[in-house]
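One structure below.
The values are calculated or read from the model by the stated rules, or taken from the named source; none is laboratory data. No experiment lies behind these values; they were computed from the predicted model shown. With ideal geometry, Cβ positions are generated from the backbone for all residues, glycine too; neighbour counts draw on all protein chains shown. The accessibility values were calculated without ligands, DNA or RNA, using every heavy atom of the protein model including side chains. Shrake-Rupley method; radii C 1.70, N 1.55, O 1.52, S 1.80 Å.
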Amino acid sequence: MGRIAYILPVAVFVVVSLFFLRGLQLDPKHIPSVLIDKPIPELNLPPLPGRDEVGLRTADIKGQVSLVNIFGSWCVACVAEHPMLLKIRKTGIVPIHGIDWRDDPAKGAAWLRKNGDPYDRVGADPDSHAAIDFGVTGAPETFVVDREGHIRYKHVGPITEEIWEDTLLPMIKELSR
Amino acid sequence: MIVELGHFALILAVFVALVQATVPLIGAQRGNQAWTNMAGAAATAQFLCIGVAFAALTYAYVVSDFSVLNVATNSHTAKPMLYKVSGVWGNHEGSLLLWITILAVFGMAVGVFGRNLPPALRARVLSVQAMITVGFLLFILFTSNPFERLDPAPADGSGLNPLLQDPGLAFHPPFLYLGYVGFSMAFSFAVAALIEGRVDAAWARWVRPWTLAAWVFLTCGIALGSWWAYYELGWGGWWYWDPVENASFMPWLAGTALLHSAVVVEKRDALKSWTILLAIITFSLSLLGTFLVRSGVLTSVHSFAADPTRGVFILALLIACTGGSLTLYAVRAPALKGGGLFAPVSREGGLVLNNLLMSTAAGTVLLGTLYPLFADALNLGKVSVGPPFFNAVFVPLMVPMVVAMAIGPMLAWKRGDLGGTLARLKLAFAAAAAAAVATWLLVGGDGATVGAVGGIALAAWLLVGTLVEYGERIRLFRAPLGESLRRARHLPRAAYGMTITHAGLAVVIAGITGSEAWKIESVQVMRPGDTVEVAGYDYTLKSVNSFRGPNYSGLRGVFEVTRDGRPVTVLEPERRQYTQPPRPTTEAAIWTNGWADLYAVIADADNRGGYVTRLYHNPLIPWLWIGALTMVVGGLVSLSDRRHRVGAPSRRQVRPAKTLQPAE
């Protein structure tokens, strides 16, 4: 018994270190949405004033592979992400729908006029009803939705060139086949 | 030029450290005096090199030299001087430089104050210390060079995170690091003792002041950080069980255990290998904290430089340091012979119980902190471990701990008399019961307040128990007053330190209990003129004005607080929007009457003339800070004990020699 007691600390440490080694390869910020492979929540969001009259409904998102992007005029990271969204819009590969989250709809509309409007449909969600159903953790956040209206992927944070090229674009191509 | 000088000094420091890590160690092993004695000089040279590097970076910050990448990314010309200086350690590279500067300061301190250490022990300690220095210097130079230049230099820097532009946080990291790094001394002493194969009372007597100093700094650092979180984050909370908070708390728990077990080694020549293990674990937990913060393996509000290559490097350091020392421990510790035997109920027994509970607590916090990582690595899914877990396991561990804290110091060494001691503590029992009843009546007790009533009773028990112990020592009311005063004068400072620190903890416990159990929160939209009542105080929002600060624009709300129509105070919380980087912060307004804090926060405008306001009533929270400060004072008093200064002539030769002299 005696000897083992002295070896035990280093043995425990070896096990913990192995976990650390593994931990370095994992990204704790990557949180899978519980809604992955589930149908998108029922939506009926009002439009942004002055943009259009349609808003955003569940039916708008179904039918083809699309992106649902959570943004807000208060969100600094969204400004950083915006040029990328405009670029994606230009390629015409995939429609982008926006949810203007926790925002004054008038401000959201003004923000889009100022920064450019990459969205097909935009719904206002000032009271977080849709955001809670989507399990949104922050803005910006982007969901990939397939033809049947199932959420297939969730990206937290701004979409960068790499994320678009390496993750989203291949997935959209795969889903569109 | 000065910046290059700093970089060069840092490179030079690596070579000095390499020499210091090897030559004295070999000298001590072979009995070569010249080699052994060069340790002190090397430590001083080490300090000079690293000191020059630190001064160079500070200079670059003070003059805002934006051709230095680190300064450009973390500083800005329009920033008060205090934050230009504190910006030096407000980032990954600079904070590592601070870490290693403190390491060098401690190394030099051993060189200077440790002249009366046995030369071989001093040489080994400084060599081990230098090994740590080498690792961290290489880490800085290869992965996190603070002296990297930027070409072309930008016209202005991108600024320091405004949350960090705060007096409390300017001094939080240095204190925390003084604590973390201070434990490296205990670690170096432990490894040196393992190499030497000898642990005795003299060894413990040298380790104790270093550990105590580190403990004082760490306590101060944690309290400052917690205080900052309380008034700056604007949520009225002061502890969130965040991985990084836990990272500072675990070494504190282990270090507290180490302090107490070192007493047993010194006085009774027992618990030797356990104390060595604790010294290793305490510093390892400090290193682990660094790893968790820097590597990004866990998410935290603090993680400021998540970089996998850095993570790999620190992990390698951790493995070399902890793995190496624990292996050495496995090989050498069985040979360490324990000395004094003792019965379970005895002063030693009390200290062992303290050690068991403290290290279990540290282990529990470690498990809770790392569990998300374990679960993720084993594909058990993403989990987060929050306050409910920590509160559920921590409280049951601390309750017996606090109960025993009043009893332990009153037990005799070797064999104590539990029944007799409990009888002598009847005043503490009475105080606890009275406090419980008074609390129950005061808050209109029901089932939900049982825990809080228990917490207050526990605080009263510990406070009065500690005072009873002090009273017994000076034979208060048992001997004539003159005799008691004479005894009080001659009581060692270390004894006063214990009394003050334990009493401080009692006050902290009351503060924690009060702030957890009776905090009242009120969140609403208010327009100027509106009045909201919280805990009997009426808060009237008089006006909201915008104003400009040196590097921010702000909104200031003016609340007039009245109670039963009589004016109490005016609270002026602010919401600031910093210009560089553009980030908002809240500045809570706090007024305290010693029993409770009135706490007001103003948040966003709702664009219809109203503002979101958060008002909190935080009972007993001032006690938390008073108690923490008292604990720090207690530690300082104990540190000033002459007996800690090895070699200082003992003033009281009449005292039984066996408790003072090292038992060889």
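General remarks:
- Considering the conditions (1) outside any strand (DSSP E or B); (2) more than 21 Å from A:LYS38 (Cα to Cα); (3) of a type outside the set (A, V, I, L, M, F, W, C), A:PRO170 is excluded by exactly one of them, (2).
- Failed item in (1) of a type in the set (Phe, Trp, Tyr); (2) within 31 Å of the chain's Cα centre (by Cα); (3) farther than 25 Å from B:MET250 by Cα, with B:PHE477 passing the rest: (2)
- Flag for A:GLY50 being over 21 Å from A:ASP133 (Cα atoms), among the small types (Gly, Ala, Ser) and open to solvent by 40 Å² or more (accessible area, probe 1.4 Å): yes
Yes/no per residue for (1) at pLDDT 85 or above; (2) crowded, with 20+ Cβ neighbours inside 10 Å:
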site	(1), (2)
B:VAL105	yes, no
B:ALA120	yes, yes
B:LEU150	no, no
B:TYR180	yes, yes
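- Qualifying residue in the range B:508-519 (condition: hydroxyl-bearing (Ser, Thr, Tyr) and touching a residue at least 24 places away in the same chain (Cβ under 8 Å)): yes
- If you filter the range B:596-616 down to residues that are within 18 Å of A:ARG102 (Cβ to Cβ) and in a loop (DSSP other than H, G, I, E, B), you find that the one that is least open to solvent (accessible area, probe 1.4 Å) is B:GLY610.
- Which numbered condition B:GLY159 fails, given (1) part of a loop (DSSP other than H, G, I, E, B); (2) within 25 Å of the chain's Cα centre (by Cα); (3) of a type outside the set (A, V, I, L, M): (2)
- Flag if A:ALA130 is assigned to a helix (DSSP H, G or I) and in contact with a Leu (Cβ under 8 Å, 6 or more places away or on another chain): yes
- Filtered residues of the range B:562-595 (kept if open to solvent by 30 Å² or more (accessible area, probe 1.4 Å), under 17 Å from B:ARG548 (Cα atoms) and assigned to a strand (DSSP E or B)): B:ARG575, B:ARG576, B:GLN577, B:PRO584, B:GLU587
- Residues considered: B:SER484, B:SER522. Of these, the only one that is closer than 25 Å to B:LEU598 by Cα, open to solvent by less than 40 Å² (accessible area, probe 1.4 Å) and outside any loop (DSSP other than H, G, I, E, B) is B:SER522.
- Residue match in the range B:507-518 (condition: part of a strand (DSSP E or B) and not basic (Lys, Arg)): no
Each row is one residue, and each column tells you yes or no for (1) assigned by TED's automatic domain parsing to the domain that holds B:VAL265; (2) among the charged types (D, E, K, R); (3) farther than 29 Å from B:GLY237 by Cα; (4) without any contact (Cβ under 8 Å) to a residue 24 or more places away in the chain.
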residue	(1), (2), (3), (4)
B:GLY368	yes, no, no, no
B:ALA377	yes, no, yes, yes
B:PRO400	no, no, no, no
B:MET405	no, no, no, no
B:MET410	no, no, yes, no
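- Flag if B:VAL393 is part of a helix (DSSP H, G or I), open to solvent by 40 Å² or more (accessible area, probe 1.4 Å), modelled with pLDDT of 85 or more and more than 11 Å from chain A (Cβ to nearest Cβ): yes
- Of all residues in the range A:1-24, none that is at negative phi and more than 7 Å from chain B (Cβ to nearest Cβ) has its Cβ atom under 6 Å from the Cβ atom of a residue that is modelled with pLDDT under 90 and surrounded by fewer than 13 Cβ atoms within 10 Å (Cβ to Cβ), 6 or more apart or on another chain.
- Of residues in the range B:184-205 being surrounded by fewer than 24 Cβ atoms within 10 Å (Cβ to Cβ) and modelled with pLDDT under 90, the one nearest to B:GLY635 (Cα to Cα): B:ARG205
- Test: B:ALA435 is in a helix (DSSP H, G or I), aliphatic (A, V, I, L, M) and either within 24 Å of the chain's Cα centre (by Cα) or surrounded by 15 or more Cβ atoms within 10 Å (Cβ to Cβ) (or both): yes
- Complete set of residues in the range A:53-70 that are closer than 20 Å to A:GLY92 by Cα and open to solvent by less than 60 Å² (accessible area, probe 1.4 Å): A:LEU56, A:ASP60, A:ILE61, A:GLY63, A:VAL65, A:SER66, A:LEU67, A:VAL68, A:ASN69, A:ILE70
- Residue list for the range B:36-80, restricted to those being over 18 Å from B:VAL128 (Cα atoms), in a helix (DSSP H, G or I) and modelled with pLDDT under 90: B:LEU69, B:ASN70, B:VAL71, B:ALA72, B:THR73, B:ASN74
- Residue list for the range B:355-366, filter: under 17 Å from B:VAL395 (Cβ atoms) and in contact with a Ser or Thr (Cβ under 8 Å, 6 or more places away or on another chain): B:MET358
- Checklist (1) outside the structural domain of B:THR256 (by TED's automatic domain parsing); (2) part of a helix (DSSP H, G or I); (3) touching a residue at least 12 places away in the same chain (Cβ under 8 Å) applied to B:SER359, failing item: (1)
- Once the range B:362-390 is narrowed to residues that are of a type in the set (S, T, N, Q) and closer than 11 Å to B:ASN246 by Cβ, the residue that is nearest to the other protein chains (Cβ to nearest Cβ) is B:THR369.
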